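Read the structure below first, then the notes.
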Amino acid sequence: MVEAKIRDYILENFLFTDDQSALDSDESFLDKGIIDSTGILEVIFFLEEEFGISIADNEMVRESLDSVNNITSFLKLKGVSTPETVTNSQ
Amino acid sequence: MEDGAQPTLPALERMIRTLQHRGPDGFGYHIDGNIGLAHARLSIIDLAGGAQPIHNEDKTVWVSFNGEVFNYIELRRDLQKLGHRFYTKTDTEVIVHAYEQYGENFPSYLNGQFAIALWDSQTSKLLLVRDRVGILPLFYRQQPDRVIFASEVKAMLPLFDEAPRLNPVALDQIMTFWGPVDDTCIFEGVRHVVPGEMVTIEAGRLTRKVYWSWEYPATGQYSDLSEARLAEQLYELLNDAIRIRLRSDVPVGAYLSGGLDSSVITALLHRQGADLRTFSIGFEDKGFDESDYQDLMIEQIGTRHSRLRCLNESIAAAFQKAIWHTESPILRTAPVPMMLLSGQVRENSYKVVLTGEGADEVLGGYDIFKEAKIRAFWARNPGSKFRQMLLKRLYPYLDISSNTAQSYLAAFFGVGLEDPEIPYFSHMPRWQTTAHSKLFLSDDFKAQLRTDAIEQFCNTFPEGFSSWHPFNRGQYIEAKSLMSGYLLCSQGDRMLAANSVEGRFPFLDHRVIEMAGKLRPKLKMKALNEKYLLKKSMQHVLPPEIIARYKQPYRAPDIPAFIGGRNGYVEELMSEEVIRKAGYFDARRVARLVKKAKSGRAIGAKDNMAFVGILSTQIWHQHFVSGFRQNFGSPE
């Protein structure tokens, strides 16, 4: 659920398509040129708003944010599993 | 032209009428059998006697000329001593006599900015010549029975049999380098004379010859003069470049952005005792505005100054007109305020301005050179955290204080670190960002792209390129791509000519370029202090705040200019139906980009460039393809 939401967001906002085959979940956003330094700020705003979390400076690194899988794992660590959880936690 | 396609006055009239904005002070024609020349005059030197085309003593050599030969006084004196007789006081006339005297080597004698069409009736030879760096445009097209040429493509369109087609190779280049990097033109079948080139057409045969190019010494073989002497030399050269650029029978103004380069020009004008009249742009968005620095110079020097306040809605309102003049898709709106500014110059009854364009390319001012230096330093130890921290030094005006931005900037600029010797190392991050716009091309259109733009550009690099210092390689690439393909045309000449204004560029005097070419790279950028030698040479004439200020690139609002206002044409041209009909872009992808833009989430450079690039391509199509018959009449 979380993964699908992130995938859709990246496809819609950075690849401008709904073609699921356009993005592998472990593809690096930076290495593939999907997202640049400003783009990652967009991703952070999205994650904070959508999942009700706050991302600290030391979490803003490639290991947390550079692929769909990285973000999914990162969100799991932050205690986010489904959007419903977020609603409950807010 | 060959028999059967001889030029006629009505055809020349239809052509030249489209260029009235470049020369509103009168048209002139010369038809002689197979050749037809037309000229639209912007009278600046010899107001009464300078009507063109102009000829030599026995009317065997004719010229139609756009631009200025700034050393015409000295050239005229030399040519008169050699027996040539002049019938005008113009700079134009030195061209025909210089051709008679020096043959096809004559452009080497000219210090100036020019697009020249010269006809030698004795040899039935036509020469098309463009200035060294590409300040003035010149296009040509070979048709089966004739060659047509003009300063802008729109003057050639009345002689097209059918609507022009967009050249995929050119759009690929624009969406990689911001502009064309060879003789390619966005109008299929049209070519431009590249900067520093002479094209000869003789007996139906066309040949190309480069008479000047950007040169740098092999690494280590630099000028051995002392830093102090070089600073003096640069001062003297720039002073003289400005002195000869004041030659005019109408008043000369100057652009004053508040940056180092235009401040140098204003300060040197002041010291030369010129009547100072300056013009600038201010933006409502503080992120783009440099009014405080402009005020500093205005106060210090006491210039009569006009500032145009540029609003987002004025950019959107003028964008279609700007594309009429650029005749090309563009990726940024930055040219538009320049067009509005030249309008203000003209309203104030000025038609000539000096500008600081070229200083960054010639003397090493761009962030891209700084980036490349940092990246090369970093590449020596790619794992170093400390080295990548230097990137923070690059963008003091952007909010990159967070670890994120640093981490991602580091990754972004880390492109190519594994091979810092790659010829275009300096430009890899920019080209990668720009190329994002190609994501939006339609599948059909992509299928027409059969060549790699970067590889093709690299194939044009001169012999010896690999022996140059990486800093100089970056300068060369910048001068041959962004500067000549975009800054001097779409953002320069076209935006000036739209309002019948001529720009003059002291930093692009070839003597300055050649002197700077021989400098040790570290004198251009000392550590990370850009344009070091220029600052050193001007420290006694400029306020310290101007010397010390961080460099702010000239930018204008992109997507925000088009969203939220009443801009019906944007909605229409970006609609799925119209995008699909033109065929260049994937309509559904564009719809998603528009949606993102409207939501205010399209904040990155990539999205902004893609949006402006797509919109401007659509406008180009509307002006010149779908609007062909309406705008250019029925073909002959």
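Magnitude of the Cβ-charge dipole of the stretch B:9-210, K/R +1 and D/E -1, about the Cα centre, nearest 20 debye? Could you put the intermediate results ahead of the total?
Numbers: 21 positive and 25 negative charges, 21 e Å.
In total the dipole reaches around 100 debye.
For chain A, what does the helix formula give at 222 nm: sum of -39500 (n - 2.57) over DSSP H segments with n ≥ 4, over the residue count, nearest 500 deg cm²/dmol? Please report the intermediate quantities before stating the final value.
Details: 5 runs with 45 residues, N = 90.
Taken over chain A, the calculation gives -14000 deg cm²/dmol.
Tell me whether the protein assembly as shown comes out rounded, prolate or oblate; compute the Cα gyration tensor, take square roots of the eigenvalues as a ≥ b ≥ c, and use a/c under 1.5 as the rounded threshold. Could you put the intermediate results ahead of the total?
Details: a/c = 1.92, a/b = 1.46, b/c = 1.31.
Prolate.
Which percent, nearest 5, of DSSP beta bridges in the protein assembly as shown are antiparallel?
75 percent
Output ³J(HN,Hα) for the stretch A:28-36: one whole-Hz value per residue in order, computed from phi by the Karplus curve 6.51 cos²θ - 1.76 cosθ + 1.60 with θ = phi - 60°, and x for Gly and Pro.
Coupling constants for the stretch A:28-36: 6, 4, 6, 5, 8, x, 6, 9, 10 Hz.
Using only the Cα atoms of the stretch B:214-557, each taken as one equal point scatterer with no solvent, compute I(q) by the Debye sum, divide by I(0), and report log10 of the ratio at q = 0.11, 0.12, 0.13 Å⁻¹.
Debye curve over Cα of the stretch B:214-557, log10 I(q)/I(0) at q = 0.11, 0.12, 0.13 Å⁻¹: -0.79, -0.94, -1.12.
Assign unit charges at the C-beta atoms only (+1 for Lys and Arg, -1 for Asp and Glu), then state the dipole size of chain A relative to its Cα centre in Debye, rounded to the nearest 20. Write down the numbers at each step before the final one.
Working: 6 positive and 19 negative charges, 52 e Å.
Computed charge dipole of chain A: roughly 260 debye.
Do the alpha carbons of any pairs in B:K370/B:K535; B:K154/B:K321; B:K373/B:K606; B:K154/B:K351; B:K286/B:K598 sit beyond 19 Å of each other, and which pairs? Walk me through the numbers on the way to the answer.
Working: B:K370/B:K535 16 Å; B:K154/B:K321 13 Å; B:K373/B:K606 23 Å; B:K154/B:K351 23 Å; B:K286/B:K598 22 Å.
Among B:K370/B:K535; B:K154/B:K321; B:K373/B:K606; B:K154/B:K351; B:K286/B:K598, the Cα-Cα distance tops 19 Å for B:K373/B:K606; B:K154/B:K351; B:K286/B:K598.
Working out 0.36 nm times the residue gap between B:D224 and B:D292, then minus their Cα-Cα distance, what length gain in nm do you get to one decimal?
20.6 nm
Using the Cα centre of the stretch A:2-89 as origin and beta-carbon charges of +1 (Lys, Arg) and -1 (Asp, Glu), tell me which of A:L15, A:S28, A:V61 is placed farthest towards the positive end of the dipole.
Selected residue: A:V61.
For the interface of A with B, what's the total buried accessible surface in square angstrom, probe 1.4 angstrom, rounded to the nearest hundred? All intermediate terms of the calculation are to be shown ahead of the outcome.
Working: alone 5360 and 25090 Å², together 28210 Å².
Chains A and B together bury approximately 2200 Å².
Please report, in whole Å, how far the alpha carbons of the stretch B:511-559 spread along each principal axis, starting with the longest.
41, 25, 24
If I histogram all Cα-Cα distances within the stretch B:9-210 using bins 5 Å wide from 0, what percent of pairs lands in each bin?
Calculated over all Cα pairs of the stretch B:9-210, the distribution is 1, 7, 16, 20, 21, 17, 10, 5, 2, 1, 0 percent.
Where q = 0.17, 0.18, 0.20, 0.22 Å⁻¹, what log10 of I(q)/I(0) comes from the Debye formula for chain A, counting one point per Cα?
-0.66, -0.75, -0.93, -1.13
Under 14 Å from a label point 7 Å along Cα→Cβ of B:I603: give me every residue in the stretch A:29-53 with its amide N that close.
Residues passing the 14 Å test: A:36-50.
Considering every Cα-Cα pair within the stretch B:559-632, what fraction, in whole percent, is farther apart than 16 Å? All intermediate terms of the calculation are to be shown ahead of the outcome.
Values: 1261 of 2701 pairs.
When every Cα pair of the stretch B:559-632 is considered, 47 percent fall beyond 16 Å.
Would you please calculate the Kirkwood hydrodynamic radius of the stretch B:37-95 over all C-alpha pairs and express it in Å, rounded to one decimal?
Values: mean 1/r = 0.0848 Å⁻¹.
For the stretch B:37-95, the Kirkwood estimate is 11.8 Å.
Counting only protein heavy atoms and using a 1.4 Å probe, what share of the accessible area of chain B belongs to carbon plus sulfur, as a whole percent?
That fraction is 48 percent.
Of all beta bridges DSSP finds with both residues in chain B, what is the antiparallel percent, to the nearest 5? Could the numbers behind the result be given before it?
Numbers: 45 of 60 bridges.
Antiparallel: roughly 75 percent of the beta bridges in chain B.
How many Cβ atoms of partner chains, on average, are near each residue of B:67-78 if near means within 10 Å of its Cβ?
Working: counts 0, 0, 0, 0, 0, 0, 0, 0, 0, 0, 0, 0.
Counting other chains' Cβ atoms within 10 Å and averaging over B:67-78 gives 0.
For chain B, treating each Cα as an identical point scatterer without solvent, what Debye log10 I(q)/I(0) comes out at q = 0.07, 0.08 1/Å?
Treating every Cα as an identical point scatterer, log10 I(q)/I(0) equals -0.43, -0.57.
To the nearest 0.05, what FRET efficiency results for B:I73 and B:E202 with a Förster distance of 30 Å applied to their C-beta separation?
Details: r = 32 Å, r/R0 = 1.07.
Efficiency for this residue pair is about 0.40.
Using helices alone, I'd like the mean residue ellipticity at 222 nm for chain B: each DSSP H run of four-plus residues gives -39500 (n - 2.57), total over residue count, nearest 500.
Taken over chain B, the calculation gives -11000 deg cm²/dmol.
Given the options B:Y72, B:G50, B:Y109, identify the residue whose Cα lies farthest towards the positive end of the charge dipole of the stretch B:9-210 (+1 on Cβ of Lys, Arg; -1 on Cβ of Asp, Glu).
Towards the positive end, the residue furthest out is B:G50.
The values are calculated or read from the model by the stated rules, or taken from the named source; none is laboratory data. Just so it is clear, the model here is predicted, and its values are computed rather than measured. All Cβ positions, even for glycine, are placed from backbone atoms using ideal geometry, and neighbour counts span all protein chains on display. Note: areas computed on protein heavy atoms with side chains; ligands, DNA, RNA excluded. Shrake-Rupley method; radii C 1.70, N 1.55, O 1.52, S 1.80 Å.
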